[in-house]
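Each remark here refers to the structure printed beneath this line.
The values are calculated or read from the model by the stated rules, or taken from the named source; none is laboratory data. Predicted model, so just to flag it, every value in this text is computed and none were measured. Counting neighbours? That spans all protein chains shown, and the Cβs are built from the backbone with ideal geometry, glycine included. The area values use the complete protein model at the heavy-atom level, side chains included, leaving out ligands, DNA and RNA. Shrake-Rupley method; radii C 1.70, N 1.55, O 1.52, S 1.80 Å.
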Amino acid sequence: MKRLIFLSVILLCVSCESDKSEKRGDEVMDTNFSETMDYPIQPVPFTSVRVDDDFWAPRIKTNKDVTLPYNFQKSDETGRLRNFAIAGGLEEGEFEGIFFNDSDVFKIIEGASYTLQVEDDPELKMYLDDLIAKIAAAQEDDGYLYTNRTINPEKAADGAGEERWTNLAVYHELYNVGHMYEAAVAHYLATGERTFLDVALKNADLVNEVFGPGKNMGVPGHQEIEMGLVKLYRVTRDLKYLKLAKFFVDQRGNDEGHDLFGEYCQDHELFAEQEEAVGHAVRACYFYSGATDVAALTGTSAYDSALQNIWEDIVYRKIYLTGGIGAEPRHEGFGPAYELPNATAYTETCAAIALMFWNHRMFLRSGEVKYMDVFERILYNGFLAGISFEGNTFFYPNPLETDGVATFNQGVCGRSPWFDCSCCPVNVVRVIPSIPGYIYAAKDNSVYVNLYMSNEADLEVGETKFRISQHTSYPWNGDIKIIIESDIPEETSFLLRIPGWLRNEVMTGDLYSYIDDAALSYSVSVNDKKVDPEIEKGYLIISGHSWKKGDQIDLGFDMKVRKVVSNDKVEANLNKIALERGPIVFCAEEVDNQMGVADLSLQEEASFVFDYDSNLLGGLGTIRGNSFVNNKEESFKAIPYYAWAHRNMGEMAVWLSVD
Ligand code: FUB
Ligand code: ZN
């Protein structure tokens, strides 16, 4: 049943007609949709992929057992859940917290629903039923839902505006419900029940009545609703939701009908004409993700150059080695090109997530490897650092350096159990269970393998369903075995991603490069016979085999410790190197380097040894060698960046001085 629903979502027919000149909302509404449109490459949903490795499977389990209940508990303690009950007249009281706290609850429900999609849990389902009843009660008769106003419209707490939709630049009426749409769709797909979906649709219908050409021409100050509306469109097939999403994309930067909100909200020029990544990083990348969805589903090419130019602006000039973005704390956003300070790097966990969403979508449109390279870099580094092994402490900013004293994490030096503004923890809880959905994708007879982790997957090529499995200790070693577990169509091709780190490309562009510039080697064999497949767009193409059950493909990716330098324009990293191995960025912590990290230097020619330490933090790779502190040779040790701040807090750095 669940799988059927998913397939029907994937097979949605959208009638579209591409019109390169479309830029404004009013033209969009006149568009005569007439073709079936979607991403040419379709992801294999996480519900079809069971990850059973030692790296991600424990994270997915901890997310379910610890992070999810912990997030609900914190939402309860901080009044986030009660706000719905009060707004719905079920309890007495005042609104408590920040004006976008409703969105936190929606994000946790989304994560809980993903969990339910793969594993029945009657207790969790009942909990959600109860919570959704409160949310439904909080909805006003015409569909409006924003507990901050509903609780006391006459004297709304900070963040509600005097009337509905009166301060779109700042208040989050549209942002909150965007998250509600995503959560409601997830809940519907998990349970088949419409309780939450109907609340979301009623709200979206109201938003559709209020906003549009000739109506309220404003846009949300914080994007998100665009992706949410596209998801509503996918489950209902009602074009009005897609058109509304397109309206919000096209209306941004259009001063007809609304005063522009400026660069902070990417509302300074028409999106189709934007060329640089500016403003608040989460808003920006949610927006680019939504715009990519709209482009794919409506067939418009009007955004193509903006999407390409902005992506290059980020990857060529504004991204940290960890995949983090948004260098500046002052506006949680992008700074100027090449300004990438390490200790004050804001690099919000939500921004990393938003950039993952966008890169995956860009891949689905193009099939180009560079997008999944960035995705993988964020996944293992900038994103994963945001959640502890225990699953109940978090990073909001993710700096690449600390003196062990500065309270960089919303008032804390180190991981924090929770934040007043808790957008990051609740974002993590919805991403972790969906990670298996990023491993595979399919187009016609081709199966893309984008990520390497042990799993068993049910795929579909053409009309045929079949099963494959993957076996590997990635990211600690590069040996990967893919086994065909059932009969598959002979014409099936496997497109295996050659990771950027193996192709000698830290990321496309010249922001970062490896010092030794020899590409690492790799080997491929099919049923123990070496093959030399063609490469297209960064993927090894394994085709032309008469596949049968039991066939296997073996990949051997050479993993070595690599030294990375950044472009000289990045002042913060001058005379410094960073260490990587496979997809993992390493960092040095004071706890492993007794003389501290700030004063140590490495020799550019030094060699380093990689070891897997099964006793350290549940098992992880370490890099060892020698460093110099005040001309004295010391032993040096680095651990994966994602694992930092789990022991005594002290100095930490990704970028290390070289002699
Ligand atoms: O405004 C909602 C969320 O709170 C943003 O996405 C985060 O950056 C944080 O400011
Ligand atoms: Zn956040």
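Checked against the criterion of being within 16 Å of ligand 1 (Cβ to nearest atom), of a type in the set (S, T, N, Q), open to solvent by less than 40 Å² (accessible area, probe 1.4 Å) and within 16 Å of P220 (Cβ to Cβ), segment 242-254 has no qualifying residue. Look at segment 415-431: where a residue is over 15 Å from I353 (Cβ atoms) and a partner is part of a helix (DSSP H, G or I) and more than 8 Å from ligand 2 (Cβ to nearest atom), sitting 6+ places away or on another chain with Cβ atoms under 6 Å, you get W418/K74. Evaluation of W358 against the conditions (1) among the hydrophobic types (A, V, I, L, M, F, W, C); (2) buried (at least 24 other Cβ atoms within 10 Å of the Cβ); (3) over 16 Å from the mean Cα position of the chain (by Cα) shows that the sole unmet condition is (3). Residue check: H187 meets all listed conditions (1) crowded, with 24+ Cβ neighbours inside 10 Å; (2) farther than 20 Å from V249 by Cβ; (3) within 14 Å of ligand 1 (Cβ to nearest atom) but one, namely (3).
Scanning segment 312-370 for residues that are away from ligand 1 (no atom under 16 Å from the Cβ) and among the basic types (K, R), we see that the one that is farthest from A598 (Cα to Cα) is R365. Scan segment 90-114 for residues that are more than 27 Å from V170 (Cα to Cα) and open to solvent by less than 10 Å² (accessible area, probe 1.4 Å) and the total you get is 2. Quick one: in segment 274-298, of everything that is part of a helix (DSSP H, G or I) and polar (S, T, N, Q), which residue is nearest to the chain's Cα centre (by Cα)? Looking at the filtered set, the residue picked out is S289. Selection within segment 495-506: residues that are in a loop (DSSP other than H, G, I, E, B) and open to solvent by 10 Å² or more (accessible area, probe 1.4 Å). The member of this set that is nearest to W311 (Cα to Cα) is E505.
You will find that of V278, V315, V294, V282, the residue that is of a type in the set (A, V, I, L, M) and within 16 Å of ligand 2 (Cβ to nearest atom) is V282 and no other. Residues that are open to solvent by 10 Å² or more (accessible area, probe 1.4 Å) number at least 3 in the following strands (runs of 3 or more DSSP E) confined to segment 370-476: 455-461, 464-472. Annotation for segment 533-551: at least one member residue is out of contact with any strand residue (DSSP E or B) (no Cβ under 7 Å at 6 or more places or on another chain), assigned by TED's automatic domain parsing to the domain that holds K465, among the polar types (S, T, N, Q) and open to solvent by 10 Å² or more (accessible area, probe 1.4 Å). Among the residues that make up segment 613-631, is at least one of them at pLDDT below 95 and open to solvent by 40 Å² or more (accessible area, probe 1.4 Å)? Yes, segment 613-631 contains at least one residue that is at pLDDT below 95 and open to solvent by 40 Å² or more (accessible area, probe 1.4 Å). Highlighted here are the helices (runs of 4 or more DSSP H) found entirely within segment 125-228 that include at least 1 residues which are within 16 Å of ligand 2 (Cβ to nearest atom) and touching a residue at least 12 places away in the same chain (Cβ under 8 Å): 173-191. Between residues in segment 380-391 that are within 12 Å of C424 (Cα to Cα) and residues that are of a type in the set (A, V, I, L, M, F, W, C) and in a loop (DSSP other than H, G, I, E, B), which pairs lie under 7 Å by C-beta distance while being six or more apart or on different chains? Pairs that qualify, where the first residue is within 12 Å of C424 (Cα to Cα) and the partner is of a type in the set (A, V, I, L, M, F, W, C) and in a loop (DSSP other than H, G, I, E, B), are A385/F395; A385/W644; G386/F395.
A single entry from L579, L555 fulfils the requirement of being among the aliphatic types (A, V, I, L, M), within 19 Å of S635 (Cα to Cα) and open to solvent by less than 10 Å² (accessible area, probe 1.4 Å): L579. Here W418, W476 are screened, and the one residue that is at pLDDT below 95, more than 19 Å from the chain's Cα centre (by Cα) and not charged (D, E, K, R) is W418. The number of residues in segment 324-369 that are within 16 Å of ligand 2 (Cβ to nearest atom), in contact (Cβ under 8 Å) with a residue 60 or more places away in the chain and part of a helix (DSSP H, G or I) comes to 11.
Restrict the check to segment 299-309 and report whether at least one residue is away from ligand 2 (no atom under 16 Å from the Cβ), in a helix (DSSP H, G or I), open to solvent by less than 10 Å² (accessible area, probe 1.4 Å) and touching a Cys at 6+ places or on another chain (Cβ under 9 Å). Within segment 299-309, not a single residue is away from ligand 2 (no atom under 16 Å from the Cβ), in a helix (DSSP H, G or I), open to solvent by less than 10 Å² (accessible area, probe 1.4 Å) and touching a Cys at 6+ places or on another chain (Cβ under 9 Å).
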